[in-house]
Structures are given as structure tokens and as C-alpha cells.
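The values are calculated or read from the model by the stated rules, or taken from the named source; none is laboratory data. Just so it is clear, the model here is predicted, and its values are computed rather than measured. As a convention, Cβ positions derive from the backbone with ideal geometry for all residues, glycine included, and neighbour counts pool all protein chains shown.
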Amino acid sequence: MQPIAASYLSDTGRTAAEMQTALENWLIFTKELVGGAAEVAYTLASDAFTLLDGSPVVSIRGQGGAADNLATINENASNIRDGFRLSVRNGNTSEVITVKHGTGNIYLCDGRDRILADGKTFLDLYWTGSQWNEVNPNKSFMNMMPGSVDESQISIASGLIIPTGAIHKIETESAAASDDLDGANYTTFLGHLLILRPTNASHVVTIRNNQSVGAGYYKFLTYDGNSITMDSVAKAVIFFRDTAATAWRELFRSAAFGSASGSWTISNKNANFNLTDGHQTIYQVDTSGGAVTGTFQATPADGRVYKVRTTSSANLLTLQTTGGENFYYPDGTTTSSFTLASNQGVLEFMAITGGYLLT
């Protein structure tokens with residue numbers, strides 16, 4: 001069946017039979033619009049079902065009333081044409097449906113399997129004549145958010161990785177005992193945070209600072225300019241994408257680094273002090289009372305991270321800048337000073353152009 005051609009119905013030479021056929025086809029096309037026909041239910045068989053009519057909305061149940069995979073949607077050539085749109089949802093929340101990417105004729109925008117665990121989440125697809133492609137590319141951007149998808153493993157190749165999500169386990173090239181990691185692709189994964197940890201402790205990954213990398217990749221810049229040794233699965237590092245510096249800048253290291261290289265030490269302060277070291281020191285104010293002022297240095301190096309905490313509700317700590325820098329808050333506001341009135345945990349500030357970002 002082909003769409004009705006322009007001016008076909010307005011041709012006065014059409015016979016009654018031709019008009020009747022055209023109007024019936026028009027009705028079929030109308031029913032292909034979302035809401036134009038009732039939802040149709042299908043039960044999977046061998047990870048597939050056959051779309052028997054032109055209904056644009058379907059619900060899927062697992063084979064045998066159990067959780068199942070959907071890998072292939074077989075089309076009925078008499079009803080489905082190029083550009084046909086289809087919305088798929090789970091027909092029974094106790095039968096979780098995993099839509100498989102690329103194992104059949106379904107291709108999802110971010111290359112990851114999609115899980116339909118409830119009856120309210122729809123997967124939108126369109127038919128190209130040979131495969132079903134996901135319509136909504138926004139899901140790929142959602143998957144850039146840490147925690148939105150499961151951690152996945154990727155391997156180093158010639159000192160580089162190509163991340164596809166926000167959280168990755170890193171394997172050495174050819175599962176070697178050790179390997180260096182110098183850069184990560186930024187064109188396939190456009191998220192701003194990248195969390196990395198090693199696949200296993202016996203395959204040690206060393207993230208090297210400020211190495212030359214090719215086009216399409218950003219280098220890594222660590223807190224202190226030293227390499228980061230990843231020799232435990234509990235060791236994780238968070239980087240943020242700095243487009244101005246064409247680099248992934250280190251933002252945070254997990255507590256598993258302990259007393260090893262890159263760990264943080266405590267500097268106790270009970271009087272006014274200057275924050276001059278932007279890497280391995282946590283400034284801890286432990287006076288029994290009274291006000292203390294901490295002053296940040298002027299024109300700090302971008303990417304430096306400063307940590308400050310108080311130990312008692314009696315402390316009154318005021319942080320201030322010099323040289324006209326500001327404190328920048330996540331809501332967009334700025335100030336030239338910041339007051340920490342009680343034991344509120346560790347506050348982290350990152351040096352950026354024009355001041356310090358409260359992270």
C-alpha cells in the first residue's frame with residue numbers, strides 16, 4: 001500500500017470505486033497515528049513478535065509469563081512501510097522486558113539495551129525498510145548522567161579509551177598486567193563527568209597526567225600533576241570535561257586511595273590561615289570556639305581543589321577570596337566570602353577562571 005498522492009482525491013475523473021479505495025487507505029494511514037487505533041498486545045516467542053497490523057502502539061509480554069528479551073520485530077509487508085512509527089511498552093510489570101540493541105533488527109540510539117520494567121515507559125521506533133531505529137535521541141543524553149545506566153567495561157587501546165557512558169571499569173589492553181591510560185574520547189560521549197575504576201586489582205591501570213593525545217581525545221589532568229595508580233577495584237576517580245583546556249580534569253578520588261600517593265592529609269587550624277595548597281590538604285578548623293578566617297590565594301591555577309571542614313558546632317569559619325575572585329554556587333549566585341557556621345562536613349572548592357566553584 002502506498003500513500004495517497006497529492007491531488008488524487010480532487011481529480012474529478014476518479015471513479016466511485018477508486019475514491020472508495022483511496023478513502024479506505026486514508027483511514028488506514030489515520031489509524032497509524034498515535035491514538036488512531038487501540039493498543040495491540042503481543043506475547044514474545046524466541047525473543048520476537050510479528051506486527052500483524054498497522055497499530056502504532058503495542059504492549060509486550062514475556063514468553064511463558066516470565067521476564068524476556070525483545071530482539072526482533074517482524075514486519076508485515078502489506079501493512080508496514082518505510083517511516084512507520086511504533087511505540088512499545090511492557091504489558092505486565094512482573095515480566096520485565098529487555099529490548100536488545102543490535103542482536104536482531106532493533107537499534108537503540110546509545111547502543112545500549114533498554115529495560116522496560118513498568119507499563120508507563122514507552123520505546124519509540126521507526127521502520128527504515130530493514131530495521132527498527134529508536135526515535136528519541138534524548139535518552140542518549142540521559143545516559144551521560146552518572147547512575148542512569150549500569151557501569152560497563154571498556155578496554156584501553158594504545159593508551160586511549162572511548163567511553164560510551166558516565167561510569168566505566170577500565171581493562172588493560174589485551175588484559176595485560178599493567179597499562180597506561182593517557183586520554184579519553186570526547187566525541188562519542190559528550191557528558192561532563194566521567195567516573196573510572198579498574199576492572200580488577202591484578203590489571204593495574206596508571207592514569208598519566210598531561211600526555212599528548214590525538215584528535216578526538218582529551219588528555220587527563222590530575223590534581224597534583226602526578227600519575228594515578230589504579231590497583232584496586234575500590235579506587236575510583238571522577239573527571240570533568242574542560243573544553244577550554246581540551247582535557248579531562250580530576251575532580252575527586254575515592255577514599256580507597258588511603259595513604260597511598262594522591263591521598264589527602266589533615267592540616268589542623270585554630271587561627272586565621274591561608275589556603276595555599278590545592279591538592280593533598282584538608283584544612284580542618286578545630287578551635288573550641290571563636291571566629292576563624294580562611295583566605296584563598298589570588299589567581300589560582302584552574303582545576304585545583306581545596307577542602308575545608310570544621311569539627312565543632314562552636315566553630316565559626318569565614319572563607320574569603322583575594323584579588324577580586326568570587327565563590328560560584330551551583331544555582332548561579334556568587335559571593336566574595338562564605339561562612340561555615342558549624343560542623344557541616346567537608347566542603348570542596350575547585351579553582352576556575354575568576355574564582356572558586358563550590359562543588
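For segment 12-31, give me each residue that is modelled with pLDDT of 80 or more and acidic (Asp, Glu).
Result: 18, single match.
Could you check segment 303-322 and list, in sequence order, the residues that are modelled with pLDDT under 80 and of a type in the set (A, V, I, L, M, F, W, C)?
Listed by number, the residues that qualify are 305, 314, 316.
Looking at 114, 89, which one is touching a strand residue (DSSP E or B) at 6+ places or on another chain (Cβ under 6 Å), over 28 Å from residue 219 (Cβ atoms), modelled with pLDDT of 85 or more and basic (Lys, Arg)? Write out each step before concluding.
Numbers: 114 fails: modelled with pLDDT of 85 or more.
The conditions single out 89.
Can you tell me which condition residue 204 does not meet? The list is (1) under 30 Å from residue 109 (Cβ atoms); (2) touching a strand residue (DSSP E or B) at 6+ places or on another chain (Cβ under 6 Å); (3) aliphatic (A, V, I, L, M), and all the others hold.
That leaves (1) as the condition not met.
Can you pull out the residues in segment 198-229 that are within 21 Å of residue 350 (Cβ to Cβ) and not in a loop (DSSP other than H, G, I, E, B)?
Going residue by residue through segment 198-229, those that are within 21 Å of residue 350 (Cβ to Cβ) are 207, 209-210, 218-228.
207, 218, 219, 220, 221, 228 - these are the residues of segment 198-229 that are within 21 Å of residue 350 (Cβ to Cβ) and not in a loop (DSSP other than H, G, I, E, B).
So which residues in segment 71-113 are among the acidic types (Asp, Glu), out of contact with any His (no Cβ under 6 Å at 6 or more places or on another chain) and surrounded by 15 or more Cβ atoms within 10 Å (Cβ to Cβ), if there are any at all? Steps first, please.
Quick first cut of segment 71-113, residues among the acidic types (Asp, Glu) only: 75, 82, 95, 110, 113.
Filter once more, so that each one left must be out of contact with any His (no Cβ under 6 Å at 6 or more places or on another chain): 75, 82, 95, 110.
Within segment 71-113, 75, 95, 110 meet the criteria.
Within segment 194-208, is there a residue that is surrounded by fewer than 17 Cβ atoms within 10 Å (Cβ to Cβ), at positive phi, free of Cβ contacts under 8 Å to residues at least 40 places away in the same chain and not assigned by TED's automatic domain parsing to the domain that holds residue 276?
no
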